[in-house]
Amino acid sequence: MTEADRDYEHYEAVVVGAGPGGAAAAARLADAGVETVVLERGVEAGSKNVSGGLIYAEESAPYTIDELFDGFRENAAERPITEYHLHNVSGNKVKSFDISRLHHHDTEWSDAVLRRPMDSWLAEQVHEKTKEVGGGLLTDIRVNGLLRENGEIIGVTCDEIDPITADIVIAADGVNSELARDAGLMDWDDPEEWFQGVKAVVDVPPEAINERFGVGADEGAAHLFSGDLFEGVRGGGFVYTNEDSLSVGTVFHLDSLAAERAEPHELLDALLTHPFLAEWFGDEYSEREYAAKLVPDSKKVAHGSPHEDRLVLVGDAAGQMQAQGPIIKGMNHAVTAGALAAEAFVEAKNAGDPDAAGENYERKLRESGTMRKLRPRRYKAASAVGENGVATAISDAVLKSPLGSLGVKALERVGALDRLYSSPFMAMMVPDTRTPYVTLPSVIAEELGDPVDGESAVEPPDLADRIGGLAYDTDIGNPHIELLDNSYEASGVAVTACPVSARDFGGGCYREETVKTNGSTEQVVSLDTQPCVECGTCAVIADTDWEHPSGGKGVEFRSG
Amino acid sequence: MTLDPNGYTIQELGPAIKDVEDLEALRSILEAEKDGENRKGAIALIESRIEKFEDDDDAPEELDPTEMSPADIGNAVKSIDEIDTLETMLEREEAGEDRGSVKRLISQRLDSLRGSDEDDDAEVVVEPPEEKHPHLDHPTADKQHVRALEDGTYRDMWVYCETQQGELIDCSREMLGKARELMDEYAADYGDSERVVAILIGDDVERLAEECISYGADVVVYHEDDRLKRFRHKPYTEVFCDMARGAGHPYGREDRPEEEWRDYDEPRYILFPATNNGRDLSAQVQAELDSGLASDCSDLFIENVVISNPVKVGTAGDKKEFERVLHMKRPDFSGFEYSTILCLDNPNREFHPQGASVIPGTFEVPEPDLEREGEIVDHEFEPDEEWFRVEVTEYDVIEGGVDLTGHGVVVALGRGIGDDPTRGIELGLDLVDAFDDAELGISRGIVTGSYNFDGHVEQYTGEDRQIGETGQIVEPDLYIAAGISGAIQHKVGCDESGTIVAINTDPDADIRDFSDYFIEGDLFEVLPRLIDALESGELDTAALASGGATDD
Ligand SMILES: Cc1cc2nc3c(=O)[nH]c(=O)nc-3n(C[C@H](O)[C@H](O)[C@H](O)COP(=O)(O)OP(=O)(O)OC[C@H]3O[C@@H](n4cnc5c(N)ncnc54)[C@H](O)[C@@H]3O)c2cc1C
Ligand SMILES: Cc1cc2nc3c(=O)[nH]c(=O)nc-3n(C[C@H](O)[C@H](O)[C@H](O)COP(=O)(O)OP(=O)(O)OC[C@H]3O[C@@H](n4cnc5c(N)ncnc54)[C@H](O)[C@@H]3O)c2cc1C
Ligand code: SF4
């Protein structure tokens, strides 16, 4: 025990964040009798969280969520996903592939989830478990930094309560991890390392889902979209079936989104209003919630050694979010990492050397094969060619040429495309270029697709209504984001890239303004954090001092 | 070995060894811990368990009380069950030091054994803390007047009504409302109607008495003194305690007259606001009255309660019903759970008044009942000059901001002023001046804009003038919104206004949906004409119309 340990409240373990990563870590710790306190900034666990989301239980993973939490699938999940399709879109032409094989590869099961109900259920279990060992789960608490003594991390500091010291600090605080940043393990500098996910939850009655998707009451479907729907921005879309709603969303490379000055809500609308989706929504489109969040790209940022002193990072905080081609796997890896970190600590403690927890954890990530999934070697080889601009341009040109199209047709004839799309290896090595995201799918759709007739009657709400539909507890006078440089050059891209801002829209977070000073005019941006959905985008692409709001403040998602 | 402590967390260890009574076993557990994980907490835990039994072990058959302190004797006699032994002890003490407290301890033990031959109920030995813990400091041992009453009478629920800037704070109103509710139920439950007594202390507070009554007080006791304009710890406490202690109170002032409105020694319950001043006052007042305080409460109710804690009931194993107990709920320190605090009398020490401080906003501000009647009592008392030794030389009132409510007209500006923001504000101010009773408000869009305002209008562009969900809510007869799009969060701040006139270049702006008159036009053109028209005394509707007015 250090001096500070005696001065402050001390727990054996403190877990920051009650998403899947934090919940898994805390449950595993409590099961081993470790006195654990969990700190969550939301009014309730899940109120800050967004995912697509399909949670996977991988056959090869050392931990799955239902192993750690009895009754998870019955109590916290929506529908099991029983079929999986990929649609390539070009204009109104769509070419569909059944990629259930890819989906089922290494999959024990996979369920659609909504994060508010899921995380809050998990949190209840976690509170019960941790209470028994002298801890508990506290909501409305934002951790604002690491507590250090003689330069060593020994605990955390919070907005609402006194600092807490611990033998292990598990940062499961998600994609914009303030703790990872404080420790110098992660930064928010490079847009190429992130995706931005935007999503709408749309009401559809359960019977209508069964009928329109051709699934039983205990079945569900997943549909993915790529092609020219999205103004050339690299990324894709998804539709997942919940109990009585659909999760419809888009996930884009942030650098591409920024470069194209694309408006995320418009890209989402392009998907929502495509005639192919029209019948799924029925006559009346009713949007329950609009939400957004950054997603790390593990191929680039998963930290090989995510620990420092007593701190370990798990889940999105450590960049452990795997985009396996079209399939997004973040929650399952967060669960695995959380449980491994807990296991690492328990072992280190029993061996009388709790400080070895970090090293143990790193080794476990490697030996369990988790690290290999997150940072596949194949990707490195493929990207050497694929991310090279010239190579992309050439392959795009070839694909678009009559010859290329012919090639696509030839491949299709021998069933090669189906095989290609269902190959997990192909999915792992897709380079981040336009080719696989935009060009190839559009060519495939153009050449092989069937036209979809009719117009969509869907009229998604505008941004003002979407913001109006969200619940906020604004921390008036305490904006959590500070604009350091309000010049258009430094921060202007946030006007388009922020999912709740847009050009010519005064009601968003970021707005363009023209300021006249001494006869000269200047383009600037201004920021109002009230409509902020805390996605993290402007932490990366604008010049800001970015923090999360204090405990319980800010946006509150009901579905997530 | 019975048990390996290293397999347990510290939390688990306590329960695990709680049934181990064998000293040898405990000692071997201790050794195992020291050889194993060697955790300080675990060691302390096991050692304390060992000590417990060592005490028992050592309990000497023949105690010589003259060599022991009263505290040791108190502890020792608890485990002596033989009447003979105790009688010998008593004799020795009488022959030796003959200390009253010691004899009492031994006799009490004897009484309890004699009185309960069949069951072995142990009478709880109550010792003054100084004797029980002789090795501790007892700084309050010689405090003079601060003692609980013996057989006091307690009635009514008192509410300390804090004021700020000469007005009741909302929490005072909230507490009065809650007190009213509690005492109405009290009357129904116990058949006694006791009163809600509001306490006002300050320089000019009598005028608030009626308001206290309208929120539920039956009696208002107030004390006015120019020197009490600001809250000050010492004199406020003294005044409050003087109010609390009725005539004939053993620690009250001698010249305290009988008062017609009361017939009790001290209040039964007291509520304080858990504000800075309220917390300060509550702690000292409750200490002066030698009772307890549940601070920062978030719920209150009155109920009977059955308790078996021996400290409270006198005899281990007994149960006792306490009546009319104020249950004070508060979040416990870490916020995991709520605790309910009860302030119960001990067999020989009274814990009254039962006091709580209440978190502001916990209860609703009740609707005032202007018809309610009550008694107003001027508390006559001359505070001691000594109590004012601390002098307040300077203080600041933190900016209260601008109040946009209660005006006939509100002119509100939005981001439509963007082309020339300073000019926009100037026009808004001119329009305000053209009315008799108007104020200037703005949308959030202006508050958070990057506009470069000139110094003289800058003060009008801050959060304190924002109208809407996170700003002020106004209901003037006339609301003029220029260059405001009418977002839902803005709308909720103004749509109860009598007439809403919107000026906007965009005929599709949302504000059109909830405005009575919509003028499609550039505010830089429309506002000057409106101002002219008002100043010249003729609101030229034709001129407005030519600016594109539509009346819908
Ligand atoms: C649109 C979209 C679609 C996605 N689709 C999928 C999918 O289909 N399948 C999948 O597996 N993954 C998907 N993901 C990714 C997945 O959501 C994340 O990888 C996963 O949530 C990471 O879990 P976590 O526990 O690391 O962090 P989070 O779930 O983000 O949890 C972090 C927690 O920490 C709390 N917190 C943060 N900072 C603090 C602080 N300072 N103090 C206290 N508490 C704090 C937060 O409130 C939150 O509860 C998707 C993401 C998005 C945005
Ligand atoms: C949680 C939350 C709380 C909020 N709370 C509040 C609140 O309390 N109060 C509040 O006001 N907002 C609030 N907002 C913000 C609100 O959503 C809007 O963003 C804001 O009201 C927009 O301000 P505006 O109408 O001035 O700007 P804009 O929406 O940009 O509208 C400007 C309008 O001016 C018009 N215009 C442009 N030029 C001219 C011209 N020359 N002449 C006339 N018209 C012109 C345009 O057509 C447009 O309609 C809140 C938002 C959130 C998310
Ligand atoms: S202000 Fe920044 S963090 Fe908030 S929603 Fe916009 S981009 Fe996301």
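What follows draws every value from the coordinates through simple rules; no lab data is involved. The shown structure was predicted, so the numbers you read here are calculated from the model rather than taken from an experiment. As a convention, Cβ positions derive from the backbone with ideal geometry for all residues, glycine included, and neighbour counts pool all protein chains shown.
Observations, loosely collected:
- Sorted largest first, extent of segment A:472-556 alpha carbons per principal axis (Å): 45, 23, 21
- Placing R0 at 22 angstrom, the Cβ-Cβ distance between A:E149 and A:D355 gives a FRET efficiency of 0.95 after rounding to 0.05.
- Segment B:1-32: GluC sites (Glu not before Pro) in DSSP coil with no more than 12 other Cβ atoms inside 10 Å: B:E21
- Extension reserve of the A:N92-A:E59 stretch, reckoned as 0.36 nm per residue once the Cα distance is removed: 8.1 nm
- Using the alpha carbons alone, the radius of gyration of segment B:376-504 stands to its Kirkwood radius in an Rg to Rh ratio of 1.23.
- Beta bridge orientation in chain A: antiparallel %, DSSP, nearest 5: 75 percent
- Given charges at Cβ of Lys, Arg, Asp, Glu: the protein assembly as shown dipole, positive-most of B:Q286, A:G249, B:G414: A:G249
- Contour minus Cα-Cα distance for B:E391 and B:E47 (0.36 nm per residue): 118.5 nm
- Principal-axis tilt of helix B:233-244 within chain B, Cα atoms, nearest 10 degrees: 70 degrees
- Taking amide H atoms as placed 1.01 Å from N in the peptide plane, the amide H of A:G508 lies under 5 Å from those of A:A502, each 5 or more residues away in sequence or on another chain.
- Segment A:510-560-segment A:165-185 distance, computed between alpha-carbon centres (Å): 24 Å
- Each listed q (0.07, 0.08, 0.11 Å⁻¹) maps to a log10 I(q)/I(0) for chain A, found by the Debye formula over equal Cα scatterers with no solvent: -0.39, -0.51, -0.98.
- Modelled label positions at B:Y338 and B:L534, each set 7 Å beyond Cα in the direction of Cβ, lie 5.0 nm from each other.
- In nm, spacing of pseudo-spin labels at B:V492 and A:E522 (7 Å Cα→C-beta vector): 3.6 nm
- For chain B, the longest principal axis of the alpha carbon atoms and the long axis of helix B:276-288 meet at an angle near 20°.
- For q = 0.05, 0.08, 0.09 Å⁻¹, Debye-computed log10 I/I(0) when each Cα of the protein assembly as shown counts as one equal scatterer: -0.47, -1.06, -1.22
- Under the criterion of Cα pairs below 8 Å and six or more residues apart, the relative contact order for segment B:373-484 equals 35 percent.
- B:D384-B:E321 FRET efficiency (beta carbon distance; Förster radius 30 Å; 0.05 resolution): 0.10
- Length released on extending from B:D72 to B:V20, taking residue separation times 0.36 nm less the Cα-Cα span: 16.2 nm
- Each Cα pair under 8 Å and six or more residues apart adds its separation to the average, and for segment B:5-55 the resulting relative contact order is 44 percent.
- Separation of segment A:219-268 and segment A:301-364, taken as the distance between their Cα centroids, equals 29 angstrom.
- Likely footprinting exposure, A:I55, B:I10, fewest C-beta neighbours within 10 Å first: B:I10, A:I55
- Cα-centred dipole magnitude for chain B, charges only on beta-carbon of K, R (+1) and D, E (-1), debye, nearest 20: 800 debye
- Within chain B, percent of DSSP bridges classed antiparallel, to nearest 5: 30 percent
- With one equal scatterer per alpha carbon and no solvent term, the Debye-computed log10 I(q)/I(0) for chain B at 0.06 1/Å reads -0.54.
- When the GluC sites (Glu not before Pro) in segment A:261-294 are filtered for DSSP coil states and for at most 11 other beta-carbon atoms within 10 Å of their beta-carbon, the remaining sites are A:E284.
- Using alpha carbons only: equivalent-ellipsoid semi-axes of segment B:65-119, gyration tensor based, whole Å: 19, 11, 9
- Pairs spanning more than 18 Å between alpha-carbon atoms, out of B:K132/B:K319; A:K131/B:K18; A:K93/A:K199; A:K349/B:K34; A:K48/A:K373; A:K131/B:K52: B:K132/B:K319; A:K131/B:K18; A:K93/A:K199; A:K48/A:K373; A:K131/B:K52.
- Here segment B:307-437 is assigned +1 on the Cβ of each Lys and Arg and -1 on the Cβ of each Asp and Glu. Its dipole about the Cα centre then comes out at about 1400 debye.
- Relative contact order %, chain A, counting alpha carbon pairs below 8 Å whose residues are six or more apart: 20 percent
- Long-range amide H partners of B:C297 with built H, under 5 Å: B:S357, B:V358, B:I359
- Here the dipole of segment B:409-550 is about 380 debye; that uses its Cα centre as origin and unit charges on the Cβ of Lys and Arg (positive) and Asp and Glu (negative).
- Between B:E82 and B:D189, the C-beta separation translates, for a Förster distance of 35 Å, into a calculated FRET efficiency of about 0.15.
- Folded to 0 to 90 degrees: helix A:389-400 orientation relative to chain A principal axis, Cα: 40 degrees
- Loop trypsin sites (Lys or Arg not before Pro), segment B:136-230 (other Cβ atoms within 10 Å of the site Cβ: 11 or fewer; DSSP): B:R230
- Note on A:D187 and B:E458: the model spin-label points, each 7 Å out from Cα along the C-beta direction, lie 3.5 nm apart.
- For B:D170, the shell of other residues with beta-carbons less than 14 Å away shows a net charge of -4, using +1 for Lys and Arg and -1 for Asp and Glu.
- Beta bridges by DSSP in the protein assembly as shown, antiparallel share as percent, to the nearest 5: 55 percent
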